[in-house]
Each structure stands twice: as structure tokens, then as C-alpha cells.
Amino acid sequence: MVQHQPVITIDVEDWIQSVLDREYPITEAGLRNMEGMLERLERLKLKATTFVLGKFAEAHPAMIRRLHEFGCEIASHGYGHVETFRQTPSEFRADVQRAKHLLEDITGAEVKGYRAPVFSIVRDSLWALRILAETGHRYDVSIFPIHHPRYGIPEWPTEPRCVLVDQEGRSILVFPNTTFPLFGRNWPIGGGGYFRLFPYGVSRFMMRERLKNSGYIFYCHPYEFNSHELDEVPVPMSLKVRLHQGLWRSRIPSRFERMVREFGGQTFDEMLNRNDLKLRTVHLKDYLPRIGGQSARDLHRAT
Ligand SMILES: [Zn+2]
């Protein structure tokens, strides 16, 4: 698969609610950050795929309508920002259905894509792909094929796949988040800390290499473009959280704009509408963990 432009994705959420406290109400700061992001997209004439959190859309539906009218793709980030592995399959089904219906009611357009909170489709919650296919999602961008303490499936293919999820032939397209192989392991290069910390030239080299084969998916959050936000947050946070979230945030806007000027950008919807997208098919059952000799597929069949 040759992908000529990066797919630009933005997780639309509110920092405190998504990172520190799931019960915290969505703030006006989240809206201001998104307004800044939309202005940036308009100035760059860049259409992005936005994975919108249901709770955010409920608090600020007019912003979601503006994004849609500008031409961004509205996809789903679930409703409450709870990691998939902290939910039962039935809780997960209710969460993604609620978000999908909410977003479709706001824009009138079909929601095709999903990204889990904190990339949280892991080996033990791979059943989520079956539920996503059953609830009408066409593609997923939740998996990071890396070793990481909180998420990741290191053995997952680093290229997109069409995943058959059941015996009836239902399937979902799975786009893993972008990695680069170096020193015998895969490194996450699609955004976040590595995009902030690597010299830009290194990021650019890796991006070019990925675009030649498996493609490049960039991810970001509107709050990453606001380097003052952490000074204004009205709740206490540890030094570790502060450094992890805030270090070199001020680099993000100029790097993002440079990347878009050099490489352009597209939405998933635009990429999927092209005819040259041919993905290999794999079976979900081949990736499910085996628990006590019984495959997780059997355990979850009853759900
Ligand atoms: Zn999120």
C-alpha cells in the first residue's frame, strides 16, 4: 500500500476529563483549545479525521457541527473515555453505540471510524473489534503494535489489515498507529512524546519511509497546541504527569504546520474512498489470547 499523504487525526476531548478524572465535567478550556485547532485547520486548508469523545460532543455540539461543515471527518472516540480493558464487553458496546448515535444525530453523517481512549485495544480486549464491527463501525485506529506499560500489542501487524471478526464473515479494517522499526523493536512515531522530542529531521525521515509502504497516521489533541494549559488547570497534578504531558509542548504548533506544508494531509474517509486500497485479510481468532487452554473467543462467545 502506498499512501501519498499522512492521515491527520485529532482526538477531540478535554484534558482534565480524559487524562486525570473521568468524572470531571467537560470544561470551556477544552472548547477554546478546539477553536484554536479549527482556526489552524482552516488556515492550513487541512481536513482531518476527528475522533470526537461523546461527552465532549454533548457539551459542545455546535463545535462538532462546525468541524463537519468545514469538511473534517467526524469519527468516534467513544463516550466516556474509559479504557476498553476496564469495561465489560456489554459496557463497551453501550459506550460506543451511545457515542456513534450522538455524533450522527449532531451532523447527520455516518460515523465510520473509532479510536479507543488511550489506544486501549490490547490483547485481552481484542473482543472490542468484534463489537465495533457489529455496531456498524467500518474501521478502527486503536491498536499500537508496540511494547508499552499501559497499552500496545507488540505482535500485531504494523500494516493495515481487514480483520474477519466472526464466522458470519463480518469484518473491520484495522489501521495500527504508526511505528518505525529500529534496534529490534517498533517505536511509536505518529505523534505524542516522540514527535515533540525527536529532531524534526529524524521525524521527517521516518515519516517518508512509512509513507512509502505502510502509511503514516499522525495523531494529536487540541490541548497539545496550548503550552499554557497546564499552568491554568484548576486541579493538582504530579510532577511526573506535568513533565510527561507538558515537556516541549511549545514545539508542537510549528512542527505540525511544517509537516502539513511538506507532506499535506488527508482524512481516513478520503483514503478509504480511493480504489487502490487493498488490504490483506486476517482472522481475529488468530490473535486472541489463550486463557487456560480455552481461547478468549469461546469465553466471549456468550457476551
Ligand atoms: Zn483520548
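Using alpha carbons only, the radius of gyration of the chain set against its Kirkwood radius gives Rg/Rh = 0.94. A Cβ-based charge dipole, computed about the Cα centre of the chain with Lys and Arg at +1 and Asp and Glu at -1, lands at about 1020 debye. Taking the DSSP bridge list for the chain and keeping only pairs wholly inside it, about 30 percent are antiparallel. The residue 159 and residue 262 beta-carbon pair, evaluated with R₀ = 22 Å, returns a calculated FRET efficiency of approximately 0.40. Put in line by how crowded their Cβ is, counting other Cβ atoms within 10 Å and starting with the fewest, 178, 88 read 88, 178.
Rank 8, 202, 282 by how far each Cα sits towards the positive end of the charge dipole of the chain (+1 on Lys, Arg Cβ; -1 on Asp, Glu Cβ) and give me just the farthest. About the Cα centre, the residue reaching furthest to the positive side is 202. Rounded to the nearest Hz, the phi-derived 3J(HN,Hα) couplings of segment 115-121 under the Karplus curve 6.51 cos²θ - 1.76 cosθ + 1.60 (θ = phi - 60°) are 10, 6, x, 6, 6, 8, 7, where x marks glycine and proline.
To the nearest 500 deg cm²/dmol, what mean residue ellipticity at 222 nm is calculated for the chain from DSSP H runs of n ≥ 4 alone, each contributing -39,500 (n - 2.57), summed and divided by the residues? It comes out at -11000 deg cm²/dmol, rounded to the nearest 500.
Short-range pairs are left out: with C-alpha atoms under 8 Å and at least six residues apart, the relative contact order of the chain is 23 percent. Packing-based ranking of 53-65, 9-21 yields 9-21, 53-65, ordered from highest to lowest mean Cβ neighbour count within 10 Å.
By the count of other C-beta atoms within 10 Å, a proxy for reagent exposure, 155, 91 are ordered fewest to most as 155, 91. Which helices of the chain meet both criteria: a Cα extent of 30 Å or more along the helical axis and a mean Kyte-Doolittle score no lower than -1.0, with helices taken as whole DSSP H segments? Within the chain not a single helix satisfies the rule.
Exceedance of the 27 Å cut-off in Cα-Cα distance is limited, within the set 47/112; 100/212; 212/285; 112/285; 55/285; 47/285, to 100/212; 212/285; 55/285; 47/285.
Read-outs: derived from the displayed coordinates by stated rules, not from any lab. Quick caveat: nothing in here was measured; it's all calculated off a predicted structure. Here Cβ is always computed from backbone atoms with ideal geometry, including for glycine, and neighbour counts include all displayed protein chains.
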